[in-house]
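Structure record follows, encoded as structure tokens.
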């Protein structure tokens, strides 16, 4: 583009606009998140779910008498060994609330009694209802990625919303189990009730 000799300010303004236009185009490509490649998507999703479980532990208060002493580990049980392809096993080396996390597999209703947290995946509705009935009223934080888990009576349910992982909290179920959920966590989650 050519300008008359006396149009020096217009040249500068044109160059500034051109520079910022190019800058915006280039920076917009840099902001696009890279999607996981085939084969990585499941493990990435499972790692995200495990990270959510870990953070839930940090924002939930159990009754004081739930742990025998200050060194007692938080027992994170995984129903029927479904540990999200090993993602939950990575939490073994973590600590939350100044307690180590012990990850164990639980395949029986009796085995759940010692759990502080129970992660449930890949069970049918009948088995899920039985698990929820047996954990209801006990000091066990139940977490699952099963659709409408919190609405079915579980405490925290993970769900996909677009490309983001979100969670629903059944506050009544948490209170019934004697658990206090931090207001910071409540602000981030979707509060639901048990559907009859």
Residue 49 - would you say it is over 19 Å from residue 174 (Cα atoms), in the same structural domain as residue 141 (by TED's automatic domain parsing) and buried (at least 17 other Cβ atoms within 10 Å of the Cβ)? yes
Scan of segment 57-99 for residues that are closer than 19 Å to residue 178 by Cβ and touching a helix residue (DSSP H, G or I) at 6+ places or on another chain (Cβ under 7 Å), ordered by number: 59, 74, 75, 76, 77, 96, 97
Would you be able to say whether some residue in segment 120-136 is under 19 Å from residue 57 (Cβ atoms) and in contact (Cβ under 8 Å) with a residue 60 or more places away in the chain? no
In segment 77-107, how many are at pLDDT below 90 and either part of a strand (DSSP E or B) or over 17 Å from residue 144 (Cα atoms) (or both)? 4
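The values are calculated or read from the model by the stated rules, or taken from the named source; none is laboratory data. The structure displayed is predicted, hence computed values, not measured ones. In this analysis, Cβ positions are derived from the backbone assuming ideal geometry, glycine residues included, and neighbour counts consider all displayed protein chains.
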